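Engineer: My structure is below; once you've seen it, I'll send some questions.
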Amino acid sequence: MIGRFQSVGAVCCLALLAACSGGGGGKAGLRVTAQPAALVALEFGTPWSFQLVLAGADSAPAFTLTQGPAGFVVNGTGRMSWTPALADLGTESIEVDVSDADQVVTVAFDVRVHQGILFGTAYSPLGHDQGVVLQDALDYLTATSHGRAVAYHSNWRDVGATSGEIPGIVVSAMAARDQFGVEPTLVLGWADGSGVADLTSDSEPGNNTWTNAETVSEFVTMLGNVAGTYQPEYLGIANELNIWWASHPTEFNDWLAAYQLAHDAIKLASPNTRVYATFQLEFLKGEGIGWPHGDTWTCFDLMAAGGPMDLAVFTTYPYFEYATPALIPLDHYDEITAHWGAGPVAFSEMGWLVAPSFPYPGDEADQARYVERFFELTDDLDMEFVQWLFLHDVDGQAMSPPFVGIGLRSNDGADIRAADAAWQAAVELRER
């Protein structure tokens, strides 16, 4: 994971016992000249140590831990060390007494243990879609309580680009990054939710496959331009790939060849950009009301072997299969490790409906419970980022029954759902 040790602030409480203040003859007395900042941020599982440095001691100093979590150690030379566990998520107060023959100094600071995850939502300000005004967009982009990542998912030709132009959504996302400090996670898809591709070209208007040479050239050029112009942290170049694959398995090698060209173009222009495809997890597992294709893990395995992919990225909507969060099996997310190993994982979309939308279940209390259930079931994964589908419901959502009422808030913001507070609590506890 990224987001390793960092410190914030620079204050340490030095409490000198009044009776041992030292004095006379201009003696400076025992003092600590190097100590941790007032707040130290640590990712769980990451070893941390710090050497206290003293001056003015008139005898060999002693170090005593008077407050701290299990496993926190300070040795006889003043070196503090700790490797926090997942159970240590949250903030711990540390106090160490440093003493010589006639003085005691207390070093006090806090340690915040987090999970190293980047949190966020898909772009969804108040009035999401038709009702958005400038102030609503600004409010959304400047708030951080739901996480600082913003998912921008769109078609690779979202402005009708036909010659490798950078899509307008990418321009908007990168402007938001530069102005407001959000972290865009980009996914530029080329097939819709039914697996219908958008791959035709002027020279081959009847060829809607990855054998279309002009399309491949435009796709690779566009992605190289995106990478070279903006150096994005995250760049997905296929959305829910297994949905397309399920009805086009014989075309996979053509796609893989295009992906490899695009991957190389991105890395040449921006070596640190994370490149990947996304997959719909429940359909990988062969779950979901009305999903006709069965298990599609073969698609993921082919990409993992032939990609390469820097992250394994999924969308997850367990209500496609289960009536309540309590019914989601304990091993629902374990298959990821079986197919991906211990590599980094991300969830570009997740959610639960606030009310039933036939044929899918939904309930406001269950929506909030799913937030907690998700993290209970994924604590063993090395998660890079997680994003709830929408902060505000999309305008005109009735056109898409699987996602009616999936936002943490209603479209107009009048209804702030219980899941909203649950998500903010997860951000506070787990975000890097």
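Engineer: Relative contact order, percent, of the chain when contacts are C-alpha pairs under 8 Å separated by at least 6 residues?
Structural biologist: Working: 930 pairs, mean separation 62.3, N = 432.
Value for the chain: 14 percent.
Engineer: Compare Gly56, Gly68, Gly286 in a GNM of the chain, Cα atoms joined below 10 Å, and give the one with the largest fluctuation.
Structural biologist: Gly56
Engineer: Here's a follow-up. By how many nm would the segment from Gln130 to Val104 grow when fully extended, if each residue of separation counts as 0.36 nm and the alpha-carbon distance is taken off? Show your work: numbers first, answer last.
Structural biologist: Working: separation 26, 0.36 × 26 = 9.36 nm, distance 6.44 nm.
So the chain would gain 2.9 nm between Gln130 and Val104.
Engineer: Related question: Could you work out the Rg to Rh ratio of the range 165-292, with Rh taken as the Kirkwood radius (inverse of the mean 1/r over all Cα pairs)? If you can, show how the numbers build up before the last one.
Structural biologist: Values: Rg = 15.4 Å, Rh = 15.5 Å.
Value, to two decimals: 0.99.
Engineer: Calculate the length of the line joining the C-alpha centroid of the range 365-397 to that of the range 300-340, in whole Å.
Structural biologist: Spelled out, the Cα-based centre of one part sits 14 Å from the other.
Engineer: Which of Asn411, Asn225, Asn208 ends up with the largest GNM mean-square fluctuation for the chain, with Cα atoms connected below 10 Å?
Structural biologist: The residue that fluctuates most here is Asn208.
Engineer: While we're on this one: Of Asp264, Asp178, Asp420, which is the most mobile in a GNM of the chain whose springs link Cα atoms less than 10 angstrom apart?
Structural biologist: Among Asp264, Asp178, Asp420, the largest mean-square fluctuation in the Gaussian network model of the chain belongs to Asp178.
Engineer: Would you kindly state how much longer the chain becomes between Thr66 and Glu95 on full extension, computed as 0.36 nm times their sequence separation minus their alpha carbon distance, in nm to one decimal? Mind dumping the intermediate values first?
Structural biologist: Values: separation 29, 0.36 × 29 = 10.44 nm, distance 0.55 nm.
Extra length from Thr66 to Glu95 when fully extended: 9.9 nm.
Engineer: Could you tell me, in Å, what Rg and Dmax come out for the Cα atoms of the chain?
Structural biologist: Over the chain's Cα set, Rg and Dmax evaluate to 25.9, 94 Å.
Engineer: What's the extension gain from Ala257 to Ser59 if we count 0.36 nm per residue and subtract their Cα-Cα distance?
Structural biologist: Working: separation 198, 0.36 × 198 = 71.28 nm, distance 7.05 nm.
That works out to 64.2 nm of additional length.
Engineer: Could you give the nm distance between label points at Asp295 and Asp415, where each point is 7 Å from its Cα heading toward the beta carbon?
Structural biologist: Result: 3.9 nm between the two label points.
Engineer: Between 0 and 90 degrees, rounded to the nearest ten: what's the tilt of helix 213-230 against the longest Cα principal axis of the chain?
Structural biologist: For helix 213-230, the angle is close to 20 degrees.
Engineer: Another one. Calculate how steeply helix 364-378 sits against the longest principal axis of the alpha-carbon atoms of the chain, using the helix alpha-carbon long axis, and give the answer as 0 to 90 degrees to the nearest 10.
Structural biologist: The angle comes out at about 70 degrees.
Engineer: Oh, and also: Determine the calculated [θ] at 222 nm for the chain from helices alone, applying -39500 (n - 2.57) to every DSSP H run no shorter than 4 residues and normalising by the residue count; nearest 500 deg cm²/dmol. Show your work: numbers first, answer last.
Structural biologist: Values: 10 runs with 114 residues, N = 432.
Calculated mean residue ellipticity at 222 nm is -8000 deg cm²/dmol.
Engineer: Then there's this: Working from Cα positions, state the angle (0 to 90°, nearest 10) between the long axis of helix 418-430 and the longest principal axis of the chain.
Structural biologist: That helix lies at roughly 50 degrees to the long axis.
Each reported figure results from applying straightforward, stated rules to the coordinates on display, with no laboratory input. Predicted, not measured: the structure shown is a model, and the values here were computed from it. Cβ: placed from backbone, ideal geometry, glycine included. Neighbour counts: every protein chain shown.
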